Amino acid sequence: MDKIRLMAHLVAGFPDASGCRAAAEGLIEGGASYLEIQIPFSDPSADGPVIQSACAAALANGYSVSQALDFLESLHRDFPQVPLFVMAYASLVVTPGVEQFVHMMAQRGVMGLIVPDLPFDRDEGLAEACAHQGLVSIPVAAPSMRSERLERMAHLGRAYLYAALRTGITGTTTTIGEGTLQFLKACAAGGSKVLGGFGIRSHTQARAVAPLVHAVVAGSVFVETIQEAVEAHRVSRSASFKGSIEVRDTAIRENIRQKAQEITRGE
């Protein structure tokens, strides 16, 4: 059975800098084709409770945009073969200025940006800035869009288009039905490579949409896998723990690797 192409979503700085790095390495070892790194933000409006909690935890630890930039730079340096995409909210983009934000991303080797609260037809100049600096701006489509608007988005000529497989927030259950498949076909009508996500947790779900997308996107399932590894070692610490952060990070890396393989290969 062919491997499914995976874009894996991570929240930078969760559970902390070393744990996040371990998770990224596990995803690459598990066969992720792309990494989508989310810069933590205090009001992640498109995200469900799992990713919201990861963002909140990273921010509570003092994780900063500057640290996220360093993380991106280190990933690109050590894994130049893995394309990096950044997901951020508009406030983080427009605060330094759109051109400046895109420039910072370009300097770190980022390939593209996903900013879900900047609609494609009112993006504050994001697409133009990305094109100017060699990045791709990836618009986000939702099943609730009017058909004529979705058609306009699909024919923008963008390299990629992110298709949210259902309306709402990330992380909750997604049912892949005929309506989902028709929506994906509409997203791909203009020739963009479609990245399909929201609620992908299993190989069965990934296999159902794989014929109609360039890559499946999964995020909350990896945050939960990280949380499980963290919790397991936290419990151990309160009893007879004899390990270290390195032991915890090894567990994160291995568990994430296995989960990525499960989604991409069904193993």
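The values are calculated or read from the model by the stated rules, or taken from the named source; none is laboratory data. All values reported here derive from a predicted model rather than from experimental measurement. Don't worry about glycine lacking a Cβ; one is built from the backbone with ideal geometry, like all the others, and counts go over all protein chains shown. Just the protein is used for accessible areas: all its heavy atoms, side chains included, with ligands, DNA and RNA removed. Shrake-Rupley method; radii C 1.70, N 1.55, O 1.52, S 1.80 Å.
Annotations for the structure displayed:
- Angle between the chain longest axis and helix 220-238 axis [Cα atoms, degrees, rounded to 10]: 10
- Charge-dipole axis of segment 48-193 as Lys and Arg at +1 and Asp and Glu at -1 on Cβ define it, positive-most pick from MET145, VAL93, VAL65: MET145
- Straight-line cross-link partners of LYS3 among the aspartates and glutamates, defined as a Cα under 14 Å from its Cα and at least 8 positions apart when in the same chain: GLU29, GLU262, GLU267.
- Calculated P(r) tail over 29 Å for the chain, as whole % of Cα pairs: 27
- Available extension along the chain between LEU92 and THR250 is 53.7 nm, counting 0.36 nm per residue and deducting the alpha carbon span.
- Hydrodynamic radius by Kirkwood, which averages 1/r over all alpha carbon pairs of segment 1-120, in angstrom: 14.5
- With respect to the chain, whose longest principal axis is taken over its alpha-carbon atoms, helix 65-78 is tilted by about 90°.
- Theoretical ellipticity at 222 nm over the chain - DSSP helices of four or more residues, -39500 (n - 2.57) apiece, nearest 500: -14500 deg cm²/dmol
- Across the chain, C-alpha contacts under 8 Å between residues 6 or more apart give a mean separation that, scaled by the residue count, equals a relative contact order of 24 percent.
- Simple label model, 7 Å out from Cα along Cβ direction - THR175 to LEU59, nm: 3.4
- For the pair HIS103 and SER18, a Förster radius of 30 Å applied to the C-beta separation gives a FRET efficiency near 0.60, rounded to the nearest 0.05.
- DSSP-assigned coil residues among trypsin sites (Lys or Arg not before Pro) in segment 1-61, each with at most 16 further Cβ atoms within 10 Å: LYS3
- Net length available on complete extension from SER74 to ARG149 is 23.2 nm, with 0.36 nm assigned per residue and the Cα-Cα distance removed.
- Helix 17-29 axis, angle to the chain major axis (alpha carbon atoms, nearest 10°): 70
- The chain - charge dipole about Cα centre, Lys and Arg +1 at Cβ, Asp and Glu -1, debye rounded to 20: 520
- Computed in the context of the full set of protein chains, the accessible area of the chain at 1.4 Å probe radius has 51% of its extent on carbon or sulfur.
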